[in-house]
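Step one of this worksheet: look at the structure below.
The values are calculated or read from the model by the stated rules, or taken from the named source; none is laboratory data. All values derive from a computational prediction rather than experimental measurement. Just so you know, the surface numbers come from the protein's heavy atoms only, side chains and all, with ligands and any DNA or RNA stripped out. Shrake-Rupley method; radii C 1.70, N 1.55, O 1.52, S 1.80 Å.
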Amino acid sequence: GERVSVEKLPFIILRYDQGKVTQTFCLIFLLPSLLCWPKTSPSKNPFMPEQQLSGLCREKRVFYRYISGLHASINVHLSAVYLKPGFASVWGPNEEEFARRFHPAHTDGQGPIWLKNLYFTFLLVLRAITKADSLLLKEQFYTGDSVEDALVQTKVAELLNLTQSCPSTFDESTLFTGPDAPRLKEEIKAHFKNISLIMDCVGCDRCRLWGKIQVQGLGTALKILFSDQGPKWRTTPFLKRTEIVALFNAFGRLTSSIKALELFGKRPS
(Lines give C-alpha, C1' and ligand atoms only; values in the text may rest on other atoms or scores of the structure.)
Protein backbone atom coordinates (compact mmCIF):
# COMPACT_ATOMS: atom_id res chain seq x y z
CA GLY A 1 0.00 0.00 0.00
CA GLU A 2 0.92 3.66 -0.24
CA ARG A 3 3.00 5.09 2.60
CA VAL A 4 2.21 8.58 3.87
CA SER A 5 4.14 10.62 6.43
CA VAL A 6 1.70 12.32 8.78
CA GLU A 7 4.51 14.67 9.82
CA LYS A 8 4.46 16.08 6.29
CA LEU A 9 0.67 16.30 6.38
CA PRO A 10 -0.10 18.01 9.73
CA PHE A 11 -3.68 18.07 10.96
CA ILE A 12 -4.82 21.41 9.60
CA ILE A 13 -8.03 22.11 7.72
CA LEU A 14 -7.22 23.67 4.35
CA ARG A 15 -10.82 23.85 3.13
CA TYR A 16 -13.54 23.74 5.77
CA ASP A 17 -17.19 23.25 4.90
CA GLN A 18 -19.28 23.48 8.09
CA GLY A 19 -22.36 22.00 6.40
CA LYS A 20 -20.56 18.90 5.14
CA VAL A 21 -18.79 18.30 8.44
CA THR A 22 -22.08 18.60 10.32
CA GLN A 23 -23.68 16.13 7.90
CA THR A 24 -20.79 13.72 8.48
CA PHE A 25 -21.19 13.74 12.25
CA CYS A 26 -24.98 13.59 11.97
CA LEU A 27 -24.50 10.31 10.13
CA ILE A 28 -22.01 9.10 12.71
CA PHE A 29 -24.19 9.90 15.72
CA LEU A 30 -27.64 9.25 14.32
CA LEU A 31 -27.82 5.86 12.65
CA PRO A 32 -30.86 4.19 14.21
CA SER A 33 -30.82 1.58 11.44
CA LEU A 34 -27.64 0.21 13.01
CA LEU A 35 -28.16 0.63 16.73
CA CYS A 36 -31.81 1.63 17.12
CA TRP A 37 -30.79 4.55 19.29
CA PRO A 38 -33.30 7.37 19.73
CA LYS A 39 -33.14 10.34 17.38
CA THR A 40 -32.69 13.83 18.72
CA SER A 41 -35.56 16.24 18.90
CA PRO A 42 -35.25 19.36 16.71
CA SER A 43 -32.81 21.86 18.20
CA LYS A 44 -30.03 24.26 17.26
CA ASN A 45 -27.53 21.39 17.12
CA PRO A 46 -28.08 18.01 15.47
CA PHE A 47 -26.60 15.85 18.23
CA MET A 48 -28.22 13.99 21.09
CA PRO A 49 -28.86 16.17 24.16
CA GLU A 50 -27.30 14.87 27.37
CA GLN A 51 -30.69 14.21 28.96
CA GLN A 52 -31.59 11.74 26.20
CA LEU A 53 -28.60 9.53 27.01
CA SER A 54 -30.36 8.32 30.16
CA GLY A 55 -32.55 6.18 27.93
CA LEU A 56 -29.56 4.18 26.69
CA CYS A 57 -27.76 1.32 28.39
CA ARG A 58 -24.41 2.14 29.98
CA GLU A 59 -22.39 0.65 27.12
CA LYS A 60 -24.12 2.83 24.54
CA ARG A 61 -23.76 5.91 26.72
CA VAL A 62 -20.03 5.26 26.96
CA PHE A 63 -19.80 4.78 23.21
CA TYR A 64 -21.72 7.99 22.50
CA ARG A 65 -19.52 10.01 24.84
CA TYR A 66 -16.44 8.40 23.29
CA ILE A 67 -17.37 9.53 19.77
CA SER A 68 -18.58 12.90 21.09
CA GLY A 69 -15.10 13.37 22.56
CA LEU A 70 -13.55 12.76 19.14
CA HIS A 71 -15.91 15.32 17.62
CA ALA A 72 -15.02 17.83 20.36
CA SER A 73 -11.32 17.21 19.81
CA ILE A 74 -11.66 18.00 16.11
CA ASN A 75 -13.66 21.15 16.83
CA VAL A 76 -11.14 22.37 19.40
CA HIS A 77 -8.36 21.88 16.88
CA LEU A 78 -10.31 23.68 14.17
CA SER A 79 -10.70 26.66 16.51
CA ALA A 80 -7.08 26.60 17.71
CA VAL A 81 -5.46 26.28 14.27
CA TYR A 82 -7.67 28.59 12.24
CA LEU A 83 -6.71 30.28 8.99
CA LYS A 84 -6.57 34.01 9.73
CA PRO A 85 -8.95 36.01 7.52
CA GLY A 86 -7.08 37.87 4.79
CA PHE A 87 -3.93 35.75 5.06
CA ALA A 88 -2.85 32.87 2.83
CA SER A 89 -0.96 30.84 5.41
CA VAL A 90 -1.26 32.44 8.85
CA TRP A 91 -2.87 30.12 11.39
CA GLY A 92 -3.85 30.74 14.98
CA PRO A 93 -6.57 30.53 17.64
CA ASN A 94 -9.99 31.97 16.83
CA GLU A 95 -11.98 32.71 19.98
CA GLU A 96 -15.18 33.50 18.08
CA GLU A 97 -15.05 30.13 16.34
CA PHE A 98 -14.42 28.36 19.65
CA ALA A 99 -17.38 30.15 21.25
CA ARG A 100 -19.60 29.26 18.31
CA ARG A 101 -18.77 25.60 18.76
CA PHE A 102 -18.79 25.33 22.55
CA HIS A 103 -20.47 28.28 24.27
CA PRO A 104 -23.74 27.19 25.95
CA ALA A 105 -25.67 29.95 24.17
CA HIS A 106 -24.74 28.55 20.76
CA THR A 107 -25.10 24.84 21.57
CA ASP A 108 -28.31 24.53 23.56
CA GLY A 109 -26.15 24.29 26.67
CA GLN A 110 -24.34 21.21 25.38
CA GLY A 111 -20.91 22.76 24.63
CA PRO A 112 -19.38 22.31 28.11
CA ILE A 113 -20.62 18.70 28.14
CA TRP A 114 -18.90 18.06 24.82
CA LEU A 115 -15.66 19.39 26.30
CA LYS A 116 -16.05 16.99 29.23
CA ASN A 117 -16.50 14.21 26.69
CA LEU A 118 -13.14 15.17 25.19
CA TYR A 119 -11.50 14.46 28.56
CA PHE A 120 -13.51 11.25 28.84
CA THR A 121 -12.24 10.01 25.48
CA PHE A 122 -8.68 10.95 26.40
CA LEU A 123 -8.89 9.00 29.66
CA LEU A 124 -10.37 5.95 27.98
CA VAL A 125 -7.58 5.85 25.37
CA LEU A 126 -5.01 6.44 28.12
CA ARG A 127 -6.42 3.43 29.98
CA ALA A 128 -6.06 1.29 26.84
CA ILE A 129 -2.42 2.31 26.39
CA THR A 130 -1.73 1.56 30.04
CA LYS A 131 -3.39 -1.85 29.79
CA ALA A 132 -1.34 -2.76 26.72
CA ASP A 133 1.98 -1.64 28.24
CA SER A 134 3.67 -5.06 28.15
CA LEU A 135 2.80 -5.48 24.49
CA LEU A 136 3.80 -1.94 23.51
CA LEU A 137 7.15 -2.21 25.29
CA LYS A 138 8.01 -5.22 23.10
CA GLU A 139 7.11 -3.41 19.88
CA GLN A 140 10.12 -2.67 17.67
CA PHE A 141 8.62 0.36 15.88
CA TYR A 142 10.78 -0.40 12.87
CA THR A 143 10.97 2.39 10.31
CA GLY A 144 14.34 1.71 8.69
CA ASP A 145 16.01 4.51 10.65
CA SER A 146 17.83 2.99 13.64
CA VAL A 147 18.24 6.33 15.40
CA GLU A 148 14.56 7.17 14.98
CA ASP A 149 13.54 3.66 16.08
CA ALA A 150 15.57 3.92 19.29
CA LEU A 151 14.12 7.36 20.03
CA VAL A 152 10.55 6.15 19.56
CA GLN A 153 11.11 3.16 21.84
CA THR A 154 12.59 5.44 24.50
CA LYS A 155 9.65 7.88 24.30
CA VAL A 156 7.11 5.06 24.42
CA ALA A 157 8.81 3.61 27.50
CA GLU A 158 8.77 7.05 29.16
CA LEU A 159 5.08 7.46 28.38
CA LEU A 160 4.20 4.02 29.73
CA ASN A 161 6.20 4.69 32.87
CA LEU A 162 4.18 7.87 33.40
CA THR A 163 0.87 6.10 32.83
CA GLN A 164 1.72 3.50 35.46
CA SER A 165 2.15 6.27 38.03
CA CYS A 166 -1.35 7.63 37.29
CA PRO A 167 -4.48 6.37 39.03
CA SER A 168 -6.75 4.17 36.95
CA THR A 169 -8.67 6.36 34.51
CA PHE A 170 -11.35 3.94 33.38
CA ASP A 171 -12.74 0.64 34.67
CA GLU A 172 -13.68 -1.45 31.65
CA SER A 173 -14.62 -4.45 33.80
CA THR A 174 -17.98 -2.83 34.63
CA LEU A 175 -19.12 -2.97 30.99
CA PHE A 176 -20.40 -5.84 28.84
CA THR A 177 -21.14 -8.03 31.84
CA GLY A 178 -24.82 -8.82 31.28
CA PRO A 179 -26.52 -11.46 29.13
CA ASP A 180 -26.72 -8.99 26.20
CA ALA A 181 -22.95 -8.38 26.19
CA PRO A 182 -22.16 -10.35 22.98
CA ARG A 183 -24.95 -8.61 21.07
CA LEU A 184 -23.94 -5.17 22.33
CA LYS A 185 -20.32 -5.76 21.35
CA GLU A 186 -21.35 -6.74 17.84
CA GLU A 187 -23.63 -3.69 17.53
CA ILE A 188 -20.92 -1.29 18.61
CA LYS A 189 -18.32 -3.01 16.45
CA ALA A 190 -20.63 -2.66 13.44
CA HIS A 191 -21.24 1.00 14.24
CA PHE A 192 -17.50 1.65 14.47
CA LYS A 193 -16.92 0.02 11.09
CA ASN A 194 -19.64 2.24 9.68
CA ILE A 195 -17.95 5.34 11.10
CA SER A 196 -14.78 4.38 9.28
CA LEU A 197 -16.75 3.99 6.05
CA ILE A 198 -18.35 7.41 6.56
CA MET A 199 -14.86 8.91 6.87
CA ASP A 200 -14.13 7.58 3.38
CA CYS A 201 -16.70 10.08 2.10
CA VAL A 202 -14.86 13.14 3.44
CA GLY A 203 -13.80 15.22 0.45
CA CYS A 204 -10.54 16.72 1.75
CA ASP A 205 -7.70 14.16 1.42
CA ARG A 206 -5.84 15.43 4.47
CA CYS A 207 -9.01 15.47 6.57
CA ARG A 208 -9.93 11.98 5.42
CA LEU A 209 -6.45 10.66 6.28
CA TRP A 210 -6.52 12.08 9.81
CA GLY A 211 -10.14 11.11 10.30
CA LYS A 212 -9.39 7.50 9.38
CA ILE A 213 -6.30 7.44 11.62
CA GLN A 214 -8.19 8.78 14.63
CA VAL A 215 -11.16 6.47 14.15
CA GLN A 216 -8.84 3.46 13.83
CA GLY A 217 -6.94 4.61 16.92
CA LEU A 218 -10.13 4.83 18.97
CA GLY A 219 -11.20 1.46 17.63
CA THR A 220 -7.86 -0.01 18.66
CA ALA A 221 -8.32 1.30 22.18
CA LEU A 222 -11.71 -0.44 22.38
CA LYS A 223 -10.13 -3.63 21.03
CA ILE A 224 -7.57 -3.55 23.84
CA LEU A 225 -10.13 -2.86 26.54
CA PHE A 226 -12.85 -5.28 25.45
CA SER A 227 -11.11 -8.11 23.65
CA ASP A 228 -12.67 -11.55 24.01
CA GLN A 229 -9.24 -13.19 24.05
CA GLY A 230 -8.74 -12.72 27.76
CA PRO A 231 -5.25 -12.48 29.33
CA LYS A 232 -3.56 -14.41 26.49
CA TRP A 233 -3.56 -11.35 24.21
CA ARG A 234 -0.74 -9.92 26.31
CA THR A 235 1.62 -12.67 25.17
CA THR A 236 0.48 -13.26 21.58
CA PRO A 237 0.47 -11.03 18.49
CA PHE A 238 -2.66 -9.00 19.04
CA LEU A 239 -2.31 -5.59 17.44
CA LYS A 240 -1.34 -4.86 13.87
CA ARG A 241 1.37 -2.32 13.20
CA THR A 242 -1.20 0.05 11.67
CA GLU A 243 -3.35 -0.22 14.80
CA ILE A 244 -0.46 0.73 17.09
CA VAL A 245 0.46 3.67 14.87
CA ALA A 246 -3.17 4.82 14.82
CA LEU A 247 -3.51 4.40 18.60
CA PHE A 248 -0.58 6.69 19.36
CA ASN A 249 -1.59 9.23 16.73
CA ALA A 250 -5.15 9.37 18.08
CA PHE A 251 -3.80 9.78 21.61
CA GLY A 252 -1.52 12.55 20.36
CA ARG A 253 -4.43 14.41 18.76
CA LEU A 254 -6.53 14.19 21.92
CA THR A 255 -3.60 15.40 23.99
CA SER A 256 -2.99 18.32 21.63
CA SER A 257 -6.66 19.31 21.73
CA ILE A 258 -6.70 19.35 25.52
CA LYS A 259 -3.51 21.42 25.54
CA ALA A 260 -5.10 23.81 23.02
CA LEU A 261 -7.93 24.55 25.46
CA GLU A 262 -5.45 26.70 27.36
CA LEU A 263 -5.56 29.11 24.41
CA PHE A 264 -9.21 29.78 25.24
CA GLY A 265 -8.83 30.01 29.00
CA LYS A 266 -10.22 26.51 29.59
CA ARG A 267 -8.65 24.29 32.23
CA PRO A 268 -9.60 20.82 33.51
CA SER A 269 -12.11 21.15 36.35
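Let me check something: with ligands and nucleic acids excluded, how do Val152, Val245, Val147, Val125 order by accessible area (1.4 Å probe), largest to smallest? Intermediate results must be reported in sequence, preceding the final value.
Details: Val152 45, Val245 75, Val147 110, Val125 0 Å².
Output order, biggest surface exposure first: Val147, Val245, Val152, Val125.
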SASA check, Asp205, accessible area w/ 1.4 Å probe, all protein chains in place, rounded to nearest 10 Å², comes out at 100
Sorting Val90, Val76 on solvent-accessible surface, 1.4 Å probe, most exposed first, gives Val90, Val76
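When a/c is below 1.5 the answer is rounded, else prolate if a/b is larger than b/c, else oblate, so apply that to the stretch 82-160 with a ≥ b ≥ c taken from the square roots of the Cα gyration tensor eigenvalues.
Details: a/c = 5.38, a/b = 1.66, b/c = 3.25.
Since a/c reaches 1.5 but b/c is at least a/b, the shape of the stretch 82-160 is classed as oblate.
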With 0.36 nm assigned to each residue of separation and the Cα-Cα distance removed, Leu263 to Lys240 gains 4.7 nm
Using alpha carbon centers only, the stretch 93-118 is separated from the stretch 138-199 by a whole-angstrom value of 28
Sorted by accessible surface (1.4 Å probe, heavy atoms of the protein chains only), largest first, Cys201, Cys207, Cys166 come out as Cys201, Cys166, Cys207
